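The values are calculated or read from the model by the stated rules, or taken from the named source; none is laboratory data. Please read all numbers here as calculations on a predicted model, not as lab measurements. Cβ sites come from the backbone with ideal geometry, for glycine too, and all protein chains shown count toward neighbours. Accessible surface is based on the protein model in full, side chains and every heavy atom, while ligands, DNA and RNA are left aside. Shrake-Rupley method; radii C 1.70, N 1.55, O 1.52, S 1.80 Å.
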Amino acid sequence: MAKNLDQFLLSLEPSEEDAFRENAMPLVFKKNHNIFANGDNPDYIYYIEKGRVTIYRLTKDGNTVTVAIRHPGELFGLAEAFMEKPRKCFAQAIETTSVLAVRTEDFKNILRIIPELSIKINMVLANRLRRAEGIIYDLINYNVSGRLARFLLGLQEQCGRICGTGVVLDIKLTHNDIAAIIGSTRQSVTQTLNEFKDEGCISIEDKKIVLLNKRKLQQKVY
């Protein structure tokens, strides 16, 4: 599978990783537990060792809008920590999730001591900025079918696992979750996923999507 550019610790030298882990506190959050909420002080940054976290915001009507999903090996809670402003988003464990939590001030001290680490943090943030720009581009240029196909193809880089029939996306997302991410409705996502199944592009196994024919999915985008 393609390398996930957000894989933070994999990019570090042993001395850099040691400095990070020496300041980290291991925590475990159960499924659906809120790790932080809108308005919280950004006291910690987090590294996911196991599990997954959804980053979301609430509309004025109280509806959930998913803005990102963080996977094992990724950091989250960075933006407000560096901006020194209250959290704008919620972070919730999608499943039982193990993290390493580092106090924001300790993390900043690590960056002062090891300035090379700042470059690697910038790479993580730059990659996320490019991804956000890509989402905006997709919303303007592609219909629901194209956006959904791009989303599924992108997920294989973060949680794809080769199986007998194709590539299983090792994450369980509701149709509402997917709709929020690609800027659509649950009904449209359900209809389009059914079309993808009928065309042999995907299958659903144990509530997980399996990519059966990536070429067909790519054709829906280009």
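What a 1.4 Å probe finds exposed on the chain is 51% carbon and sulfur by accessible area, rounded to a whole percent.
The simple spin-label model puts a point 7 Å past each Cα toward its Cβ; for Arg57 and Arg186 those points are separated by 2.2 nm.
Among the helices of the chain (complete DSSP H runs), which have Cα atoms covering no less than 15 Å along the helix axis and a Kyte-Doolittle mean of at least -0.5?
Values: long enough: 116-141 (38 Å, 0.25); 144-159 (22 Å, 0.34); 186-198 (18 Å, -1.33).
Result, helices passing both filters: 116-141, 144-159.
Computed over Cα pairs, the Kirkwood radius of the chain leads via Stokes-Einstein (1.002 mPa s, 20 °C) to a diffusion coefficient of 116 µm² per second. In this rough spin-label picture, where each label sits 7 Å from Cα along the Cβ direction, the Lys85-Leu125 distance is 1.3 nm. Is the shape of region 18-101 rounded, prolate or oblate, going by the alpha carbon gyration tensor and its root eigenvalues a ≥ b ≥ c, with a/c under 1.5 for rounded and a/b larger than b/c for prolate? Oblate.
Quick one: Cα centre-to-centre distance for region 7-28 and region 55-112, in angstrom? Cα centroid to Cα centroid, the span is 17 Å. Helical runs assigned H by DSSP (4 residues or longer) give the chain a calculated mean residue ellipticity at 222 nm of -13000 deg cm²/dmol, each run adding -39500 (n - 2.57) before division by the residue total.
Loop-resident trypsin sites (Lys or Arg not before Pro) (DSSP state other than H, G, I, E or B) in region 134-222 with no more than 13 further Cβ atoms inside 10 Å of their Cβ: Lys172, Lys207. For the chain, the per residue solvent-accessible surface stands at 55 Å², with DNA, RNA and ligands left out and a 1.4 Å probe.
For region 129-222, what is the convex hull volume of the alpha-carbon atoms per residue, in Å³?
Numbers: hull volume 8.6 nm³, N = 94.
Considering the Cα atoms of region 129-222, their hull volume per residue is 92 Å³.
Holding the Cα-Cα limit at 19 Å, pick out from Lys172/Lys197; Lys50/Lys172; Lys30/Lys120; Lys60/Lys207; Lys85/Lys108; Lys31/Lys85 the pairs that are longer than that.
On the way: Lys172/Lys197 17 Å; Lys50/Lys172 15 Å; Lys30/Lys120 30 Å; Lys60/Lys207 31 Å; Lys85/Lys108 15 Å; Lys31/Lys85 27 Å.
Long pairs (Cα-Cα over 19 Å): Lys30/Lys120; Lys60/Lys207; Lys31/Lys85.
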